[in-house]
Amino acid sequence: MSNGPVLIDLDEGTEAEPDRAPPVPDDQPRPEGRAMQAAMARAARPPSRLARAFWALALGLIGAAISVAAWDFATGLIERAPLLGYAVAGMGVALLIVIVLIALREIAAFARLGRLDSLRSAASAALAEEDLCGARATVTRLSALYAGRDVLQWGQARLKEREADQFDAEALLGLAEAELLAPLDAQAVQEIELASRQVATVTALVPLALADVAGALIANLRMIRRIAEIYGGRAGVLGGWRLTRAVMAHLVATGAVAVGDDMISSVAGGSMLSKLSRRFGEGVVNGALTARVGVATMEVCRPLPFLRVRRPSVSGLVKRALVGLFPTR
């Protein structure tokens, strides 16, 4: 048997053309973070006018029916058994007082969030107009907002010592940011890393269809509320939902909802995904999207824009959050 080279005759017109060969099909689709995409879509979806009208009328009708029924029940019970009737009426009055207190707490929550928005708007205006007087007024309001924070006492003292030496708006606001907001930023970053780790773990380990979506939504809502509390915007139920809508609107406006960009590629692409299963890859992407939501929440809740302090990097947040959880190298 000959060990020499083998010559294969090709038919005419069948020359090999590698540049025209079809691409190799990708049997493993790239993870898209479907749980976080679904959770973000649900949170960002604005209610229609028809839905708002329906709920307003339904709640009004149900409230009126319950009030009339409670009144008839209490008055009828007073006629039959005065002692028991007055006790039930007292319970109804106590319930009404609790409802009023809850409403007042929600109003206060909206006021706190509005105060953060007002500070951020004033700071942006002072920067745009280079208004030193406006910047000093903003810093005074910011110092009053955080006057009761023990962790910021040292920063408050340093700010008072050095603010007289600042002669332009950007320098003064940058000093206030470095002294008062940097410690709060560190706390917010910890919350983002914790939420990213939780969402990635739930996505990777829970195989149920809607469980990962529910877990991602709950973790993100908790993270948003916690970041708001860190910056002084403690929100109630309605205030928390308003804040969530504002964060999602910020993500949509900045184009940060899409997955297929360089950030996701650097965090969850190429060599790393080749070492991970499909489910773990989804966990990494969902964790990255959660970090995006966290950074957007910082931008919405922060009373000052990022000046001297660097805006947290989403890829860095995810890498620190997932250390030891997934093999990232």
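Throughout, read-outs are computed from the coordinates displayed, never taken from laboratory work. None of the values given here were measured: they were computed from a predicted structure. Glycine gets a Cβ as well: all are built from the backbone with ideal geometry, and neighbour counts include every protein chain shown.
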Specify whether the C-alpha gyration tensor of the range 114-169 places it in the rounded, prolate or oblate class, a ≥ b ≥ c being the square roots of the eigenvalues: rounded for a/c under 1.5, otherwise prolate if a/b is larger than b/c and oblate if not. oblate
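Starting from the Cα gyration tensor of the range 69-324, take the square roots of the eigenvalues, sort them a ≥ b ≥ c, and report rounded, prolate or oblate (rounded when a/c is under 1.5, otherwise prolate if a/b is larger than b/c, else oblate). Intermediate values should be presented prior to the final figure.
Working: a/c = 2.79, a/b = 1.23, b/c = 2.26.
The shape class here is oblate.
When Lys and Arg each count +1 and Asp and Glu each count -1, what net charge do the other residues less than 10 Å away from V318, Cβ to Cβ, add up to?
Numbers: positive: R197, R292, K319, R320; negative: E193.
Residues close to V318 contribute a combined charge of +3.
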For E161 and L57, FRET efficiency with R0 = 41 Å and r from the beta-carbon atoms, rounded to 0.05? 0.10
Computed FRET efficiency, Cβ-Cβ of V98 and A147, R0 35 Å: what is it to the nearest 0.05? 0.70
For R302, what charge total do you get from the other residues with a beta carbon under 11 Å from its beta carbon, if Lys and Arg give +1 and Asp and Glu give -1? -2
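How much net charge surrounds Q153 when only other residues with a Cβ under 14 Å from its Cβ are counted (Lys, Arg +1; Asp, Glu -1)? Working shown, then result.
Working: positive: R149, R158, K160; negative: D150, E161, E179.
With Lys, Arg at +1 and Asp, Glu at -1, the net is 0.
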